[in-house]
Amino acid sequence: MFHILIVDDDKNIRYVMTEILEANGYVAFSAKNGEEALAILEKEHLDLAVVDIMMPGIDGYALTQEIRSFNQDLPVLMVSAKQLPEDRKLGFLAGIDDFMSKPIDADEFLLHIKALLRRFKIINEKKIVIGDVVLDYDSYSVIGHGQTQVLPQKEFQLLYKLLSYPEKIFTRIQLMDEIWGLECDTVPETVTVHIGRLRKRFEGWEEFEIENIRGLGYKAVKKV
């Protein structure tokens, strides 16, 4: 059973989120500010945190930075009425993993929660298994078809990212920011080159393939 922390200074929002989570089998903890949240984090095992931006005292950005100072692995979903691109950018730079706008839709909220928990399960296990093929993050290797291929770091991280979210379309900019980082000088065409190498390397494999979605980006398809 997953334990989720809700941090928001609006008691009505805390109540609604708690009701949604508990109705779907999650255990919810709530805090009205950053100080209460940190106290809960000290004594409880948590699987995910839902954090508002605008709170008295420690705001959502500062709280996320504080969480990251002692826990790099806890998924953080920022939920806020602030919707400008700059707000999202500040959130990701602080260390959040996903961003959702208020007012929340219950179904969308649950989809974000489930996707984050699934993603971090994959990251913590550091393996993806597709049929008889295994991607091992620790060694950057793909094991299958009677062979072990050790991939260059960026190629492996691209493949691992795509296969962590099968059927999800990623733009070249998204992949560039995820794999090379926001501050790098890499151009989007570099992503195209690496994707081309991956497609050639695993051409004909029956377990998965990488598709080019014209005008949008790329997605991985699991076929078994």
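The values are calculated or read from the model by the stated rules, or taken from the named source; none is laboratory data. Note that the structure is a prediction, hence the values are computed from the model and not measured. In this analysis, Cβ positions are derived from the backbone assuming ideal geometry, glycine residues included, and neighbour counts consider all displayed protein chains.
Quick notes
- Scanning region 51-88 for residues that are touching a strand residue (DSSP E or B) at 6+ places or on another chain (Cβ under 9 Å), among the charged types (D, E, K, R), within 22 Å of residue 120 (Cα to Cα) and surrounded by fewer than 21 Cβ atoms within 10 Å (Cβ to Cβ) gives 68, 88.
- Condition check for residue 127: within 20 Å of residue 168 (Cβ to Cβ), free of Cβ contacts under 8 Å to residues at least 60 places away in the same chain, of a type outside the set (S, T, N, Q) and surrounded by 13 or more Cβ atoms within 10 Å (Cβ to Cβ): yes
- Unmet criterion (only one of (1) acidic (Asp, Glu); (2) surrounded by 16 or more Cβ atoms within 10 Å (Cβ to Cβ); (3) in contact with a Gly (Cβ under 6 Å, 6 or more places away or on another chain)) for residue 132: (2)
- Figure legend. Inter-residue proximity from region 15-42: first residues under 19 Å from residue 56 (Cβ atoms) and free of Cβ contacts under 8 Å to residues at least 60 places away in the same chain, second residues surrounded by 17 or more Cβ atoms within 10 Å (Cβ to Cβ) and of a type in the set (Phe, Trp, Tyr), beta-carbon distance below 7 Å, spacing 6+ or different chains. Indicated pairs: 40/29.
- Test result for residue 181, more than 18 Å from residue 200 (Cβ to Cβ), at pLDDT 90 or above and out of contact with any strand residue (DSSP E or B) (no Cβ under 8 Å at 6 or more places or on another chain): no
- Scope region 92-108; condition within 18 Å of the chain's Cα centre (by Cα), within 18 Å of residue 9 (Cα to Cα) and either among the aliphatic types (A, V, I, L, M) or surrounded by 19 or more Cβ atoms within 10 Å (Cβ to Cβ) (or both); matching residues: 99, 100
- Residue check for residue 169: modelled with pLDDT of 90 or more, of a type in the set (A, V, I, L, M), outside the structural domain of residue 209 (by TED's automatic domain parsing) and in contact with a Phe, Trp or Tyr (Cβ under 9 Å, 6 or more places away or on another chain): no
- Residue that is nearest to the chain's Cα centre (by Cα), among those in region 109-119 that are crowded, with 17+ Cβ neighbours inside 10 Å and in contact (Cβ under 8 Å) with a residue 60 or more places away in the chain: 116
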